[in-house]
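Asker: One structure is given below, represented as C-alpha cells, and several questions about it will come after.
Bear in mind that the values in this text are calculations on the coordinates, not laboratory data. Being a predicted model, the structure only gives us computed values, none of them experimental. So basically every Cβ, Gly included, is an ideal-geometry build from the backbone, and we count neighbours across all protein chains shown.
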Amino acid sequence: METLDVQGNYAYVGAGASLLVIDVSDPDNPRQVAYRLLPASARKVVATTGRIYVLTNAGQVQIFDISQPASPYLAGSYSSAQNPTYLDADGERFYLNGDNGFSILDASDPGAVILLGTLPVPATYYVQVFKVTGNLAVIVMGDFWPGAQIFVADLSDAAHPTIVGKVLDLHQNMVSFKNLAIYGNVAALAADWAGFYDGLYESTFVDLIDLSDPSQLILTDVISLNFFNNYAAVDLQDQFLYGSSLNEGIT
C-alpha cells in the first residue's frame, strides 16, 4: 500500500494498480468494501469532499465520485505530459508538479479538466512536494545546490500564481522530501533520503516550519530520525507529529 487518504468512515488506498475502499467505522475491524482498477500503479491518493483524486505512475489523474462513499465511480481523468510525481486537491481543483513547475487545474467538470495556471520554477529546480491550504500553496523545490528550498505561493489569481515568501537553503545538499503536512501555522516536512555532505550521510529527518508570516518562513526545528528508515508519510494533529516508515510502521 503506497498511498492512502481518509474521508469520513472510509480509507481510500492506492495498492499497485488498484484503488481499495476500506470501511474504518470500526477501527478494530476495518474491512474492504470495494476496489477499482487503475490504468497504472497509484502514486498519490487525495480525498476531498465528494471526490477522490488518484495520480498514477503513468502521469494520469483518475477522478472518482464518492457521493456514495463505498461505491466510487470514475467521473473523469486527466493526462499530463509533464511527468507529475505529486498531487494535492481541494474540492473541484487539483494541483500537480511536473517539468513545467506547479500547475492549478479545474475539475468542475471532471470529464473536461481545464488548466488554470502554472507557477514556473527556477532553472535546474524541480518541485518535490506541496500542500495547498486556502489560497496559499506551500511548495518544496529541490536542486543539488543549494539544496532544498520552501516557498509559499498565492493562488488567489489562479491564472497568475505568485511567490510571496520562501526559506532559502533549507539543506545544503540533495534531499528527497516525501511528504508535507500542515496543521494551523506549522508545516512538517519529511525527508526519506539525504545525500552526501561534508563526508557524512545525514539521517532521515522532519523539518518543522513556522508559517505564521507567509512572507517570512522560519525553520524552527529539525527532528532527526533513524538513518535506516525511509519515512513515507508524515502528519500533524494538535500537538502531535506522526510518521510512518517502511521499516517501523507508525511512530
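Asker: Rounded to two decimals, what ratio of Rg to Rh does the range 92-133 give with C-alpha atoms and a Kirkwood Rh?
Answerer: 1.01
Asker: Which number comes out as Rg/Rh for the range 1-159 once both Rg and the Kirkwood Rh are worked out on C-alpha atoms?
Answerer: Working: Rg = 15.9 Å, Rh = 16.1 Å.
Computed over Cα atoms, the ratio is 0.99.
Asker: Which parts of the range 15-29 would a label at Asn57 reach, counting a residue when its backbone N lies under 15 Å from a point 7 Å out along Cα-to-Cβ?
Answerer: Taking a point 7 Å out along Cα→Cβ of Asn57, the residues of the range 15-29 whose backbone N falls under 15 Å are 15-19.
Asker: Let me ask something additional. What percentage of all Cα-Cα pairs in the range 37-95 are separated by more than 15 Å?
Answerer: Value for the range 37-95 (Cα pairs over 15 Å): 42 percent.
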